[in-house]
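Participant: The structure is given below, and queries will be raised subsequently.
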Amino acid sequence: STVLGIETSCDDTAAAIVCSDGRILSEVVSSQTDLLSRYGGVAPKMAEEAHLQVIDQVVQQALENANLKETDLSAVAVTIGPGLSLCLRVGVQKARRFAGKFRLPIIGVHHMEAHALVARLVHKELEFPFLALLISGGHNLLILARDLGDYVQLGTTIDDAIGEAFDKTARWLGLDMRRGGGPALEELAREGDPHSIKFSVPMKQHKDCNFSYAGLKTQVRMAIESRNINTEKNVISSIDCEDRKARADIAASFQRVAVLHLEERCERAIEWALGIEPSITSLVISGGVASNQYVRLRLDDVVERNDLQLVCPPPRLCTDNGVMVAWTGIEHFRLGRFDPPPPEDEQEDTVFDLRPRWPLGEEYAEGRSKAR
Ligand code: ATP
Ligand code: FE
């Protein structure tokens, strides 16, 4: 089968066409990072506007690049949550109109499940069960994927996600936010001394698999203020800036501790996961922050110590994309999990399934007692 995937949960408008044998026939992403870097965050109404402006074109381009007609498709998959409801609505409405018109079944996809499952597209040998660390702008999850659609949440963030901490730190350091703060911060961190500032690792005293990044953000903010770094003077140029070294030290020290927190949580999650499913052999890392080279390097060490294998999709499949949605659609479609085509003449005000808040699987019940 051949599935069209549509993704609009946050600030990227994406569409892709993928075959059940794993061939990617096309992938199109239109980002709003210009808008974001100007306004300093995702303003839902503006993001919705931007999605509306490009969605038809993005889907059309995906078909053209794949050299396919609408009727060559087997189904349409679309992210129905979690995410900003105004944004999700744009994608779902497009998917429903499209599927209605061409009489295609439709599959509602969980955005974080898609981040995890794309690993099975990239890495054909990856079987359930496996452990997944999903790290992005809005989520920080440790998930035991027992089977398709059967997930146990071992850990989540109690405040911010690591991507949010990267973005804030990058902004405060005056970095170029046009590609999102993460890549710029990673780059600057290479010039800094990761041990120059002693940030403390979050949640040391909590023996669970949860995350916290709000406190680290505050520590960074204080370090910036105490060093009199001018946060008004934005976008440091690549060559000159007298306090560039001071900024790089902060970037490197932040990155080291932010990732150390991931390492510690993964160590424990591996222990927990092996207790539940002794047959796991892989740790998947995905989500935008998993495209960070330092993150990959450090987690590679963790899995090696535990005789596991690290599976990490290429950066363009770690950040938001349509391929992961199409692929997750395929995974469900081949097990018969899909909805019939919507009516061809669906009314504008039809109520459909949108899940802005949608946990991925049950919380691990024994986690609390283990943590004591
Ligand atoms: P979510 O998946 O939680 O809904 P999202 O969809 O906005 O959030 P993604 O596109 O998956 O997030 O990831 C974007 C995040 O990844 C941003 O916070 C960005 O800064 C971060 N990121 C991207 N590349 C890197 C990198 N090289 N290093 C660190 N962080 C990065
Ligand atoms: Fe995402």
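Rule-based calculations on the coordinates, nothing more; no lab input. Just so it is clear, the model here is predicted, and its values are computed rather than measured. Heads up, the Cβs are rebuilt from the backbone with ideal geometry, glycines too, and the neighbour counts pull from every protein chain shown.
Participant: If r is the Cβ-Cβ distance from Lys245 to Ala214 and R0 is 22 Å, what FRET efficiency results, to the nearest 0.05?
Facilitator: With R0 = 22 Å, the Cβ-Cβ based efficiency is 0.20.
Participant: I've got another one for you. Based on alpha-carbon atoms only, what is the radius of gyration of the range 302-363 relative to the globular estimate 2.2 N^0.38 Å?
Facilitator: 1.68
Participant: Could I ask something else about it? Collect residues whose amide H, placed 1.01 Å from N in the peptide plane, falls under 5 Å from the amide H of Leu25; neighbours closer than 5 in sequence don't count.
Facilitator: Ile17, Val18, Cys19
Participant: Identify which of Ser286, Ser226, Ser212 has the largest mean-square fluctuation in a Gaussian network model of the chain, with springs joining Cα atoms closer than 10 Å.
Facilitator: In this elastic network of the chain, the residue with the biggest mean-square fluctuation among Ser286, Ser226, Ser212 is Ser226.
Participant: Based on the Cβ-Cβ distance of Asp349 and Ser85, what FRET efficiency does E = 1/(1 + (r/R0)^6) give at R0 = 25 Å, to the nearest 0.05? Could you put the intermediate results ahead of the total?
Facilitator: Working: r = 15 Å, r/R0 = 0.62.
That gives a FRET efficiency of 0.95.
Participant: Can you give the local net charge around Tyr364? Use residues other than it whose beta-carbon is closer than 15 angstrom to its beta-carbon, Lys and Arg +1, Asp and Glu -1.
Facilitator: 0
Participant: For the chain, set up a Gaussian network in which alpha carbons nearer than 10 Å are linked by springs, and say which option among Thr231, Thr169, Thr156 fluctuates the most.
Facilitator: Evaluated over the chain, the most mobile residue of the options is Thr231.
Participant: A further question follows. Tell me the net charge near His139. Cut-off is 13 Å between Cβ atoms, His139 excluded, with +1 for each Lys or Arg and -1 for each Asp or Glu.
Facilitator: -4
Participant: For the chain, what is the percent of antiparallel DSSP beta bridges, rounded to the nearest 5?
Facilitator: 55
Participant: Thr33 to Glu271: FRET efficiency via 1/(1 + (r/R0)^6), r the Cβ-Cβ distance, R0 41 Å, to the nearest 0.05?
Facilitator: My answer for the efficiency is 0.60.
Participant: List, in order, the whole-Hz ³J(HN,Hα) value for each residue of the range 74-80 obtained from phi through the Karplus relation with A = 6.51, B = -1.76, C = 1.60 and θ = phi - 60°; use x for Gly and Pro.
Facilitator: Each residue of the range 74-80 in turn: 9, 6, 10, 10, 9, 5, 10 Hz.
Participant: Connecting C-alpha atoms closer than 10 Å in a GNM of the chain, tell me which of Val54, Val311, Val90 has the biggest fluctuation.
Facilitator: Val54
Participant: Percentage of Cα-Cα pair distances in the chain greater than 31 Å, rounded to whole percent? Walk me through the intermediate numbers first.
Facilitator: Working: 25268 of 69006 pairs.
Considering the chain, 37 percent of its Cα-Cα pairs are separated by more than 31 Å.
Participant: Pop out the ³J(HN,Hα) list for the range 86-93 in order, Karplus 6.51 cos²θ - 1.76 cosθ + 1.60 with θ = phi - 60°, rounded to Hz; leave Gly and Pro as x.
Facilitator: 4, 6, 3, 4, 4, x, 5, 5
Participant: So if each residue of separation counts as 0.36 nm, and I subtract the Cα-Cα distance between Asp300 and Glu362, what length gain in nm does that give? Display every interim value, and only then the final one.
Facilitator: On the way: separation 62, 0.36 × 62 = 22.32 nm, distance 2.73 nm.
Stretched fully, the Asp300-Glu362 segment lengthens by 19.6 nm.
Participant: While we're looking at this one, here's another question. Please label the shape of the range 58-138 as rounded, prolate or oblate, based on the square roots a ≥ b ≥ c of the eigenvalues of the alpha-carbon gyration tensor (a/c under 1.5 means rounded; beyond that, a/b larger than b/c means prolate, else oblate). Provide the component values of the computation, followed by the final result.
Facilitator: Details: a/c = 2.20, a/b = 1.40, b/c = 1.57.
Oblate.
Participant: Okay, next question. What are the radius of gyration and Dmax of the range 1-146, computed over its Cα atoms and given in Å?
Facilitator: When restricted to the Cα atoms of the range 1-146, Rg and Dmax are 15.5, 43 Å.
Participant: Could you give the nm distance between label points at Asp21 and Glu127, where each point is 7 Å from its Cα heading toward the beta carbon?
Facilitator: Taking the simple label geometry, Asp21 and Glu127 are separated by 2.3 nm.
Participant: Continuing with this model, one more query. Can you report the principal axis dimensions of the range 106-215 using only the alpha carbons, biggest first, rounded to whole angstrom?
Facilitator: Principal extents (largest minus smallest coordinate, Cα): 44, 36, 25 Å.
Participant: Quick check for me: using +1 on Lys/Arg Cβ and -1 on Asp/Glu Cβ, what's the dipole size of the chain about its Cα centre, in debye to the nearest 20?
Facilitator: Approximately 660 debye in magnitude.
Participant: Quick one: Karplus J couplings for the range 305-311, per residue in order, coefficients 6.51, -1.76, 1.60, θ = phi - 60°, nearest Hz, x for Gly and Pro?
Facilitator: Ordered by residue, 3J(HN,Hα) equals 4, 9, 6, 10, 10, 8, 10 Hz.
Participant: Counting only other residues whose beta carbon sits under 9 Å from that of Gly108, what net charge do I get with K and R as +1, D and E as -1?
Facilitator: Around Gly108, the surrounding residues sum to -1.
Participant: Here is a follow-up. Could you name the lysines whose alpha carbon sits less than 26 Å from that of Lys198, not counting residues in the same chain fewer than 8 places away?
Facilitator: Within the straight-line cut-off, Lys198 pairs with Lys168, Lys207, Lys217, Lys233, Lys245.
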